[in-house]
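Below is one structure, written out as structure tokens; comments come after it.
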Amino acid sequence: MGTVDLDSNDRKLLNRLQIGLPLVRRPWNAIAEELELRQEDVLPRLERLKKEGFIRRIGGVFNPAGLGFRGCLYAMAVREELFYQTAAVVNRYRGVTHNYRRRSRLNMWFTLTSRTEEERGAILETIREAAGGALLYEFPSEQLFKLKVFLNMEEKADASAITPSPNLNGVATSKQEPCKIEITDLQLIRELQGDLPLSTEPYTEIANKTGCSLEEVFLRLQALQAGGALKRIGAVLKHREAGFSANGLFICVLPEEHIPEAGKRLAGYSEVSHCYKRRAHPDWPYNLYAMIHGPDEASVWKVAEQFVRREDIKDYDILFSTEELKKTSFSI
């Protein structure tokens with residue numbers, strides 16, 4: 001399957017849905033009007049795009065920190081004979097949303113989100129045991145430069161892989177305080193963790209399930225957005241099906257004092273979706289990390305090499321993912 005199957009209206013719709021759905025009674029109609037599509041055409045298109053595998057899900061995208069959780073990136077060097085049994089243990093935890101095999105000495109990379117240190121410690125100890133006591137590297141974020149994924153489906157001919165829009169681009173470096181969450185908010189969050197109903201009035205269905213009025217649903221969702229717990233309600237695409245086959249974790253070593261400005265410049269590349277300063281280790285000195293996406297590995301290397309030349313970086317690498325072991329959205 002490839003993006004050749006998509007027509008111009010499909011691409012336009014996929015781009016718009018990544019930005020987010022409006023909080024109105026009939027969001028699909030509002031989007032159809034905005035994109036100058038026939039209203040009766042939008043839902044069948046979405047159903048087809050989901051069936052064909054371009055859309056992973058349409059629903060709420062939440063910020064764990066805004067809900068009182070802490071997330072972290074981890075990596076291990078797992079012996080091949082233990083690799084898949086370790087992956088099965090890692091993947092069984094709800095707090096693990098991403099797990100990849102990467103072409104690297106550290107061959108398993110996963111994220112873990114938990115509410116308490118005790119919970120995190122118990123999970124990590126179980127994972128270490130499954131991996132035969134492998135050393136577990138912790139890479140907490142020390143500064144965030146970019147965390148916005150937008151797969152541009154309309155400019156593939158320009159080889160522009162990921163383009164930030166004004167609605168999506170942003171830099172956050174301050175610590176996120178948890179949003180005040182009530183029981184009804186939790187019900188809404190749980191409904192939106194899955195897929196939004198592909199019906200004429202999806203929010204009305206959610207209102208009925210949670211026993212709220214439609215107006216209350218909108219007010220609560222607006223409050224969750226304002227408090228930083230809800231990023232948006234929108235589409236999450238499948239990278240490979242959308243034509244972005246190469247997924248490279250760029251890592252480099254920079255002097256501490258150069259990272260803030262260099263990180264901002266790296267985050268400015270349209271092909272970069274995530275960019276962080278992370279903890280370095282004595283035998284793993286890399287301290288600036290970025291996810292670079294492209295149609296192939298050569299295009300990812302091209303972006304990285306342009307950046308390292310500009311910054312005069314000597315020590316760097318790209319860890320390409322060779323297997324997606326788990327990829328899901330954060331849920332509570």
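The values are calculated or read from the model by the stated rules, or taken from the named source; none is laboratory data. All values derive from a computational prediction rather than experimental measurement. Virtual Cβ from ideal backbone geometry, glycine too; neighbours counted across all protein chains shown. Each accessible area value is taken on the protein alone, full model and side chains, heavy atoms only, with ligands, DNA and RNA left out. Shrake-Rupley method; radii C 1.70, N 1.55, O 1.52, S 1.80 Å.
Based on the mean of other Cβ atoms within 10 Å per residue, sort peptides 286-295, 115-124 so the most packed one is first. Walk me through the numbers before you get to the answer.
Values: 286-295: 22.1, 115-124: 13.5.
Packing proxy ranking, top to bottom: 286-295, 115-124.
For the chain, build the charge dipole from Cβ charges (+1 Lys, Arg; -1 Asp, Glu) around the Cα centre, then report which of L112, L147, L219 sits farthest towards its positive end.
The Cα lying farthest towards the positive end belongs to L112.
So how tilted is helix 39-51 from the main axis of the chain? Cα-based, degrees 0 to 90, rounded to 10.
Tilt relative to the chain: about 30 degrees.
Normalise the Debye intensity by I(0) for the chain, one equal point scatterer per Cα, no solvent, then take log10 at q = 0.09, 0.11, 0.12, 0.14 Å⁻¹ and round to two decimals.
The computed values of log10 I(q)/I(0) come out as -0.50, -0.76, -0.91, -1.23.
Can you tell me the orientation of helix 8-19 relative to the chain, as the angle in degrees between its alpha-carbon axis and the longest Cα principal axis, to the nearest 10?
Once rounded, one gets 70 degrees.
Rounded to the nearest whole Å², what accessible area per residue is found for region 1-158 with the 1.4 Å probe? Walk me through the numbers on the way to the answer.
Working: 7120 Å² over 158 residues.
Spelled out: the 1.4 Å probe surface of region 1-158, per residue, equals 45 Å².
Round to the nearest 10 and give me the degree value, 0 to 90, for the angle of helix 297-311's Cα axis relative to the longest principal axis of the chain.
The two axes meet at around 70 degrees.
Quick check on region 1-89: take the gyration tensor over C-alpha atoms, sort the square-rooted eigenvalues as a ≥ b ≥ c, and tell me if it's rounded (a/c under 1.5), prolate or oblate. Write down the numbers at each step before the final one.
Numbers: a/c = 3.58, a/b = 1.77, b/c = 2.01.
Judged from the Cα gyration tensor, region 1-89 comes out oblate (a/c at least 1.5, b/c at or above a/b).
If you average the C-alpha positions of region 27-55 and of region 252-276 separately, how far apart do those two centres end up, in angstrom?
36 Å
My understanding is that a pair violates if its Cα-Cα distance is over 18 Å; which of K264/K326; K180/K231; K50/K327 do that in this structure?
Details: K264/K326 29 Å; K180/K231 15 Å; K50/K327 16 Å.
Violating the 18 Å Cα-Cα cut-off are K264/K326.
Could you tell me what percent of the accessible area of region 49-89 is made up of carbon and sulfur, with a 1.4 Å probe and every protein chain present?
That fraction is 56 percent.
Over region 90-135, calculate the relative contact order: mean separation of alpha carbon pairs under 8 Å at least 6 apart, over the residue count, as a percent. Mind showing how you got there, number by number?
Working: 36 pairs, mean separation 11.8, N = 46.
In percent, rounded to a whole number, it is 26.
Please say if region 176-235 is rounded, prolate or oblate, where rounded means a/c under 1.5 for a ≥ b ≥ c the square roots of the C-alpha gyration tensor eigenvalues, and otherwise the choice is prolate for a/b larger than b/c and oblate otherwise? Spell out each step's value before the answer.
On the way: a/c = 1.95, a/b = 1.46, b/c = 1.33.
The shape class here is prolate.
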